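The values are calculated or read from the model by the stated rules, or taken from the named source; none is laboratory data. Everything numeric in this text was worked out from a predicted model, so none of it was measured. So basically every Cβ, Gly included, is an ideal-geometry build from the backbone, and we count neighbours across all protein chains shown. Heavy atoms of the whole protein, side chains included, go into the accessibility calculation; ligands, DNA and RNA do not. Shrake-Rupley method; radii C 1.70, N 1.55, O 1.52, S 1.80 Å.
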Amino acid sequence: MVIPPPERAARVTRFLKPYLLRMHFTNKYVSAQVIHTPTSTVACSASSQEKLLRPNMESTRDVAAAVKIGKLLGERLLLKGIPAVSIHMKREQKYHGKVKAVIDSVREAGVKLL
């Protein structure tokens with residue numbers, strides 16, 4: 001059974017930023033995904049849990065892994081035709097360390113940040 005996304009009024013969707021970058025960090029992995037807000041679906045994602053990436057990484061949880069995940073996500077976004085993304089950080093996240101690594105590598109890949 002597929003649950004349809006919630007309907008939003010046109011006046012609300014006009015002010016929403018269409019693509020939202022969300023990052024999640026655990027003690028083992030780094031993951032980032034871009035969500036299409038009007039339809040509430042994942043447009044693109046990258047994680048250090050992917051089997052193809054694990055042999056190339058020394059560690060799946062440090063800043064170097066975050067840089068690789070950001071670079072891969074930026075390339076995937078450009079292949080899908082998504083030129084700009086806005087950033088959503090949780091309250092406890094600061095622009096430092098892994099968060100900074102992901103955001104800077106997405107920016108270096110050629111994606112604009114709103």
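Structure data summary
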read-out: Highest-MSF residue in the chain out of Ile69, Ile87, Ile103 [GNM, Cα springs under 10 Å]; value: Ile87
read-out: Within the chain, percent of DSSP bridges classed antiparallel, to nearest 5; value: 70
read-out: Å² of accessible area per residue within segment 17-113, as computed with a 1.4 Å probe and no ligands counted; value: 60
read-out: Size of the chain as Cα extents on the principal axes (Å, biggest first); value: 47, 34, 30
read-out: Relative contact order [Cα under 8 Å, 6+ residues apart], segment 17-113, whole percent; value: 29
read-out: Where GluC sites (Glu not before Pro) in DSSP loops with at most 12 other Cβ within 10 Å are excluded, longest remaining stretch of the chain; value: 8-57
read-out: Helical contribution to [θ] at 222 nm, DSSP H n ≥ 4, -39,500 (n - 2.57), averaged over the chain, rounded to 500; value: -9000 deg cm²/dmol
read-out: Nearest-ten-degree value, helix 98-108 long axis tilted from longest Cα axis of the chain; value: 70
read-out: Within the chain, longest stretch free of exposed chymotrypsin sites (Phe, Trp or Tyr not before Pro) [DSSP loop, at most 12 other beta carbons within 10 Å]; value: 16-94
read-out: Accessible surface of the chain, 1.4 Å probe, proportion on carbon and sulfur as whole %; value: 56
read-out: FRET efficiency estimate (nearest 0.05) - Cβ-Cβ, Ile3 to His96, R0 30 angstrom; value: 0.20
read-out: Residues in segment 82-107 that a label on Thr39 would reach, taking backbone N under 18 Å of a point 7 Å out along Cα→Cβ; value: 82-86
read-out: Angle in degrees between helix 63-80 and the longest Cα principal axis of the chain, rounded to the nearest 10; value: 40
read-out: Nearest-20 debye value, the chain charge dipole, Cβ charges on Lys, Arg, Asp, Glu; value: 260
